[in-house]
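What follows draws every value from the coordinates through simple rules; no lab data is involved. Please read these numbers as outputs of a predicted model, since none were measured by experiment. Every residue, glycine as well, gets a Cβ built from its backbone with ideal geometry; the counts of neighbours run over all protein chains shown.
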Protein chains: 2
Amino acid sequence: MDKLAVEHLNDSNYCFPLDEHHLKIRLRTKKGDDIKSVTCLWNVLQYMYLTQIKAPMEIAYVDEYYAYYECVLYSKDPRFSYVFYIITNDGTALYFSELGFTKEYDFSWFYLTSFRLPYINPIDVVFDNKMFSGDVFYQIFPERFNIGDFSKDKNYINRPWDTSNLKGSNGNRVQDSFIGGDLKGIELKLDYLKDLGVNTIYLTPIFKSQSNHKYDVDDYFKVDEMFGKDEDLLDLVKEIHKHGQKIVLDIVFNHSAFNNNLFQDVVKNGKKSKYYDFYIVNGDKPDFKKKNYATFGDVPNMPKLNSNSFDEHDYFVEVGKYFINKFNIDGYRLDVANEASHTFWQRFKYELRKIKPDIILIGECWNNAISYLSRNEFDSVMNYPFLYTCKDFYINHFLDAEHFSYRLNSLLMRYKDGNNRMMLNLLDSHDTERFYNLCKPNKDLCLLAFLTLISYIGWPMIYYGDEIFMEGGTDPFNRKGMEWNSKEFGLKENILFKKIVHLRNNELFKTGDIKIYNENSLFVIERYKKEEKVKIVINNSEKSVKYAVNGMVILSNNYDNGVLNNYSFIVFK
Amino acid sequence: MDKLAVEHLNDSNYCFPLDEHHLKIRLRTKKGDDIKSVTCLWNVLQYMYLTQIKAPMEIAYVDEYYAYYECVLYSKDPRFSYVFYIITNDGTALYFSELGFTKEYDFSWFYLTSFRLPYINPIDVVFDNKMFSGDVFYQIFPERFNIGDFSKDKNYINRPWDTSNLKGSNGNRVQDSFIGGDLKGIELKLDYLKDLGVNTIYLTPIFKSQSNHKYDVDDYFKVDEMFGKDEDLLDLVKEIHKHGQKIVLDIVFNHSAFNNNLFQDVVKNGKKSKYYDFYIVNGDKPDFKKKNYATFGDVPNMPKLNSNSFDEHDYFVEVGKYFINKFNIDGYRLDVANEASHTFWQRFKYELRKIKPDIILIGECWNNAISYLSRNEFDSVMNYPFLYTCKDFYINHFLDAEHFSYRLNSLLMRYKDGNNRMMLNLLDSHDTERFYNLCKPNKDLCLLAFLTLISYIGWPMIYYGDEIFMEGGTDPFNRKGMEWNSKEFGLKENILFKKIVHLRNNELFKTGDIKIYNENSLFVIERYKKEEKVKIVINNSEKSVKYAVNGMVILSNNYDNGVLNNYSFIVFK
C-alpha cells in the first residue's frame, strides 16, 4: 500500500458537513492500490473511547493518480471523532489517524490523536443554496444585449448595433465604443430568456462609469445613465422576479475608476481626504502621470482599492446592502475578488447574510479557490478550470475521454460537495474567446461542450449569444451586439441548444449526484439520486462508435441504430 | 520520481506571505526521491507570460515519508504567479502546475493554469505578533496559585491550602473545593514570575461562577467575588504591564453555567426571552431534569451557547471588547473554541482588532487546527499535539530521536510559519496530568522535556508549579495549591529549570528559525538566523553518548569530557 499517496485533513474538502447532522468523509489513496477495504471508525466525541461505529467507505471518484473513498456519517449529536482502518489485500491492517499510520490505535487517546470535526455549526455549513439550486445562469453584457429605451438621448452611441468595428477608429479606445444596450432592453427579452430555460440573469456592471464595460466605476451608488435610471433597475428586478428568475449584479471592489468620486476626493485633498486610506497612495496626492498609487494590473485609470482599511470595508458593505435593500437583487458576482482581502469578504458576507440570508456571492477566482469557498466568504466562483479542461478535450485534444474524466474528477475533489453544487461553470465569458469561435464551423462539437456544461454539477452559465453560435475572439470581439436578426434562430442546432438547456428541467440535472468516467473512449456523465439515474454519453471524435442503449432516450444527436456517430451524443435513463 | 507524494496548494500552509512582499513557497515530495533539483519559476502576474524568475528550492524539513522544499519569493508588486520545475537524477524534466505534472508548460496560459497567490493583503498575513514575539507564557489557575487578599471573607474556603483532599469529602463535588487563591495573590508574585523569565501570564477564567475552575460562567461582565473586585483586576493588569509583562484571560463562549443570567432569563421566559436564540433549546423553556437543551459534553450544568445566532455574536463581541476597553488586557484564550462557529470567531477577531490591533486570540483546539489559524480567526492554539509527541518520546518511548524529529517536523509543516511562531506549546495544563508526574522521580528527564519546550519555535507555556516539579495526576490533582513552601526552591534542578527558561533571553530562542533532526541517536534542535546559530543536543536515553562540541557552551547538564551522559543535554553556539 502506498502510504505516501494517502491524504486526509479534518474540516476541509476531505471532511465537511452536508447539513447539521451529516458529515461527508473523504480519504485519498493511490488508484488501484492493493486495498481490500477502507472503514471509517467513528463515534460522537463522548463515546469514542468506549466503542466505534464502522462506516464502510467506497471509491466515489478516480483521477489520474488517486482514488477517493467516501462515506457519510450521521449523528444527532454533531461532535465527530474518527480514524480510518485500512485492510490491504494481503490482510495487513493499518490505522490512519492524526498520528499517521500505526499498526495499533489506542482509543483511550482519541481526544488528542483521532481526526475530529468538533461541532457542526449550521452557520458554517457549505450547502446547496435552495434558492438557486441547479439554476441555469445567463451572462449579459448590458451595453451589447438589447436596446429597450427608445426615447433616450442617443448621442453617446457611436457605433451601429451590428458593427464588427469595435475598436480603433476615430481614435477611440476599445472601451469607448457604444452601441446602445440598456436595462429596458433586457427587460424586453425576459420572455425570450425564460423560454431558453434561464433561471438567473447575471449582468456585468451597471454602475456609473465612462466605459462600455463599466468595470471602472465612477460612483457605486448610481446606475449608469446609458443603461437607465434607478426606476429602470427597479422595474427590471421586479419583472425578473415575476418571471420566476433571479438577478445577480457584478460589483467591482478591487479597484475603481480614476474618476470615481472617492478617488477624486483623494486627488483633491490628499491625506486630508477621509477616503485616503481607501486607496494605496505613495505620497500625499495621487498623480495620473506619476502613477504613484496601486492599480489594477498596470492600468492607471483603475486605482486599486485598499481592502486592508476598516473604513473602506464599512463603505463597501453599505454599497452591498444598498442594492439589496433598495432594488432587491439576489446576488453579486465579485470582480477580481481574489485580489481583495479575505478579511473584507468575510465581513461583507456576514453583513449581507444578516439582511438577506439567501444572498449568493460569486467570486472571480481563476484558480483553485478553496481558500475563498467557506460559507463565510464566497458561495461560488467562476469555474475557469472547467473551461480550460473542456478546451483541452474538445478543442486542443490534449485529453482523451479517459483523461478528461480524470481531470474533471480532480476538479470536483478540490472542493466540498456544497461548493461543487454552486460552481458557476462556463465555457466562455466577456473575458475569453467565445467557445463557438474555437469550434466553428462545427456546431455539433460546440453542442457537445454545452451538453457537458449543462450535465455537469453546479450552475451552468450561458454567455449571451452562445445559443445562436455567435462568433468572436477576445475583447472586443466577444462583446459584439447580440445578433437578434441571426439566421441561426430556429435552425436545428439552435433548437437542440435549447433542448439541452431544458434538460435542466429534470431534477436529476439540477440536484442529482454526479459520476464521471469513460466507456469505450466515450465520455460519460451520470447524474443520479438513489435508484433514479440519467446517463449522458458523448462521442468527441471523428469516428463512429457502437453504443447500445438500455433505457429510454431523452435526447440525442446523430445517434442511429446503436451507433454514436462523430461528434454526437445520447442522453437516456 | 513519486508523483503521488507531491503536494502543493496555493493560499495555504504550502504558500503563504511572510509580510507584504515576501511569499514562502513549499513543495512536498517523497523523502529520498531521485530528484536533482526543484525550482520555482515565477513572476508578478503581468510579466509571467514573458519571462520567469528562477528560485531554487531547498529541502527545509523532512519527516517519516516526505521532504519539504522551500523558497521565499520577494516582489514589490504582490501579485504572484508560479509553477514548479523538477529535474530528476536521470535528467527528466517535469513541470508541476494546477494542471498537475506535464512535460511542457505553456506560459501563455499562466493566468489559468499556474499556481497563484493573487495579492498579498497585509490584513490577511499571518505573521509573528511583535508584542508577544517568542514570549514565555505561564498558566495560572487562580484559585490555586496564591492568596493575596487577607481581609476578605474567607467563609467560602473549605480546604486548607496544602490539601491533597480535593474531592469527595462532605459530599462536595470536585469543583466545589476552595482553598482561596485570588487576583491579589497573583499580583504579589509578579516579581517571582519576572525572575523566572515569564513574559505573559495566562489566567484560567476569573468571571463570576460558582465553581473553582470558573469555566461555567454566571455573568460574563463580572469578576468573580472570590478572586476580587474590578479594582483588583485593574490593579493586577497595571502591575503586570509595569513588570513589562502581558496578561491573557480565558473566556468561555462555547457554553455558560445553568445559573448564567442569560440562561436564567430563558429558563424564566422561554421563547419570549431575548436570549432564547443564544442557546439551543428543544421546546419553550429549558429544564435541567429533562436536559432539553444542547450542553457542553453531557454536562447539564453547562448549556451550550449558540454561535449560529447573530444576536449572540453581538453580545459576546461586547464581552470581548469590555475587558479590553475597561481593563486593558492583552489577549484571550478561548475555551472549547473548536466547537463554536468559524463565522463567530471571524466576527470576534475583526471587532477586537479594530480596537486593539495587537490582540492575540489563542484557541483551545486539540487537533490539527489549520482551518482556524488564519489571521482572521485565531493567532494561536494550545499545541496539544506537541505535548503528546513529547510524551511519546520522553515517557512512552514510542519514538526514538529520529522519529521524534520527524513527528515534530510534521507538526511544523501543518501550519504557516507565522502560526508556528505563535503556537502555545505546552507539556501540561489544568486539563492534563502534570509532566513531572510522568517523569518522577527523574527530574533530569523532566528538564529535557522543558528544554525541548523552550527550544521549540513558538510560545512555551509553563503551568504553575512546573518549575518546582509539582506532582499531580488528572483533575483535581493537577490543580493543587501552589507549593510556596516547597523544598525544591533553590535546589539545583529548580535553578536549572530557571536557566532553561532564561535561554529565551537569547534572541535566537525567541525569533530564530528552526531545524530539527537527530545526530547519532541524539535529538537536536537548531535555532538560527543567517550566520548565527545555537544548537541544543539532547540525550534521552539511559546510555552515555560521546559527543564532541565545537563551540561555546551556553548551558549543559551532565556533559563531561565530550560525553553526554544519560538524560543530559548541552546547549552551545
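Take A:Asn505, move 7 Å from Cα toward the beta carbon, and the resulting point lies 8.3 nm from the same point in each other copy, nearest first.
Modelled spin labels at B:His22 and B:Asn155, positioned 7 Å past Cα toward Cβ, are 6.1 nm from each other. Diffusion coefficient of chain A by Stokes-Einstein, Kirkwood radius over Cα pairs, 10 °C, 1.306 mPa s: 62 µm²/s. Per residue of B:6-18, other chain Cβ atoms within 10 Å of the residue Cβ number 2 on average. Placing unit charges on the Cβ atoms of the charged side chains and taking the dipole of the protein assembly as shown about its Cα centre, the candidate lying farthest along the positive direction among B:Ile370, A:Tyr463, A:Ile206 is A:Ile206. Shown in residue order for the range B:406-423 are the 3J(HN,Hα) couplings computed by the Karplus curve 6.51 cos²θ - 1.76 cosθ + 1.60 at θ = phi - 60°: 4, 5, 5, 4, 4, 4, 4, 6, 5, 10, 6, 3, x, 4, 4, 6, 10, 5 Hz (x for Gly and Pro). Of the Cα atoms belonging to the range A:416-573, the radius of gyration and Dmax stand at 15.8, 48 Å. Its residue count N fixes a reference of 2.2 N^0.38 Å for the range A:118-182, and the Cα radius of gyration divided by that reference is 1.95.
For B:Lys167, the distances from its label point to the matching points in the remaining copies are 7.5 nm, ordered from shortest, with each point set 7 Å beyond Cα toward Cβ. Using only side-chain charges placed at the Cβ, +1 for Lys and Arg and -1 for Asp and Glu, the dipole size of chain B relative to its Cα centre rounds to 240 debye. With all pairs of different C-alpha atoms in the average, the Kirkwood value for the hydrodynamic radius of the range B:279-394 is 15.8 Å. In deg cm²/dmol and to the nearest 500, what is the mean residue ellipticity at 222 nm of chain A if only DSSP H runs of at least 4 residues count, each as -39500 (n - 2.57), divided by the residue total? So the helix-based figure for chain A works out to -6000 deg cm²/dmol. For the range B:328-424, the mean projected area of the C-alpha convex hull, equal to one quarter of the hull surface, is 6.7 nm². As a rough guide to protection, the peptides B:413-423, B:321-331 ranked by mean Cβ packing within 10 Å, highest first, stand as B:413-423, B:321-331.
Please report, to two decimal places, log10 I(q)/I(0) for the range A:510-572 at q = 0.30 Å⁻¹ as given by the Debye formula with identical point scatterers on the Cα atoms and no solvent. Log-scaled intensity ratios, in q order: -1.35.
Hull volume per residue, based on the alpha-carbon atoms of the range B:1-67 and their convex hull, is 112 Å³. Over chain B, what relative contact order in percent results from Cα pairs under 8 Å that are six or more residues apart? Worked out over chain B, it gives 11 percent. Counting every alpha-carbon pair across the protein assembly as shown, the share separated by more than 55 Å comes to 22%. Here B:Lys480 is the anchor, and the aspartates and glutamates within straight C-alpha reach of less than 13 Å, apart from those fewer than 8 places off in the same chain, are B:Glu143, B:Asp162, B:Asp431, B:Glu433, B:Asp466, B:Glu471. Among the cysteines of chain B, B:Cys15, B:Cys40, B:Cys71, B:Cys365, B:Cys390 have no other cysteine beta carbon within less than 4.7 Å of their own. Of the Cα atoms belonging to the range A:255-306, the radius of gyration and Dmax stand at 9.2, 27 Å.
The amide H of A:Cys15, built 1.01 Å from its N in the peptide plane, has A:Arg26 as neighbours under 5 Å, considering only residues 5 or more places off or on other chains.
Taking the average, over residues, of other Cβ atoms within 10 Å as the packing measure, peptides B:260-271, B:135-146 rank B:135-146, B:260-271 from highest down. The reciprocal of the average 1/r between distinct C-alpha atoms defines the Kirkwood hydrodynamic radius, which for the range B:3-124 equals 14.5 Å.
Here the alpha carbons of the range A:184-265 define both size measures, Rg and Dmax, at 14.0, 47 Å. Total lysine pairs in the range A:3-124 at Cα distances under 26 Å, for residues eight or more apart or on different chains: 18. The slack between B:Thr474 and B:Glu519, meaning 0.36 nm per residue of separation minus the straight C-alpha distance, is 12.7 nm. Averaged over the residues of A:362-375, the number of partner chain Cβ atoms lying within 10 Å of the residue Cβ comes to 4.
Our coupling estimate for the range A:516-521, obtained by passing each phi through the Karplus curve with A = 6.51, B = -1.76, C = 1.60 and θ = phi - 60°, is 10, 7, 10, 9, 6, 6 Hz, Gly and Pro reported as x. Considering the range B:454-523, its Cα convex hull presents a mean projected area of 6.6 nm². With a Cα cut-off of under 26 Å and a minimum spacing of 8 residues unless on different chains, the lysine pairs in the range A:510-572 number 13. Take the convex hull of the alpha carbons in the range A:377-461; its mean projected area over all directions comes to 5.5 nm².
Chain B residue nearest the rotation axis toward A, with distance: B:Gln346, 2 (Cβ to axis, whole Å). Comment: the Cα-to-Cβ extended label point of B:Lys530, at 7 Å, lies 6.9 nm from its counterparts in the other copies, nearest first. Over the range B:150-302, one equal point on each Cα, no solvent: what is log10 I(q)/I(0) by the Debye formula at q = 0.13, 0.17 Å⁻¹? So the normalised log intensities are -0.73, -1.05.
Pairs of Lys residues in the range A:307-463, spaced 8 or more positions apart or belonging to different chains, with C-alpha separations under 25 angstrom: 12 in total.
Applying 1/(1 + (r/R0)^6) with R0 = 35 Å to the Cβ-Cβ distance of A:Lys274 and B:Tyr322 gives a FRET efficiency near 0.75. Within the range B:55-139, the proportion of C-alpha pairs whose separation exceeds 20 Å stands at 57%. Return the long-range amide H neighbours of A:Asn292 (sequence gap of 5 or more, or a different chain), with a cut-off of under 5 Å between placed amide H atoms. For A:Asn292, the qualifying residues are A:Asp287. Packing around the peptides B:60-68, A:446-454, A:208-216, taken as the average count of other Cβ atoms within 10 Å per residue, puts them in this order, highest first: A:446-454, A:208-216, B:60-68. Here the 3J(HN,Hα) profile of the range A:371-382, calculated from phi with Karplus coefficients 6.51, -1.76 and 1.60 at θ = phi - 60°, is 5, 9, 9, 7, 4, 8, 10, 9, 7, 7, 9, 5 Hz, Gly and Pro shown as x. The rule of thumb for compact globular proteins, 2.2 N^0.38 Å, goes into the C-alpha radius of gyration of the range A:290-345 1.30 times. Working from label points 7 Å from Cα in the Cα-to-Cβ sense, the B:Ile87 to B:Ile59 distance is 1.8 nm.
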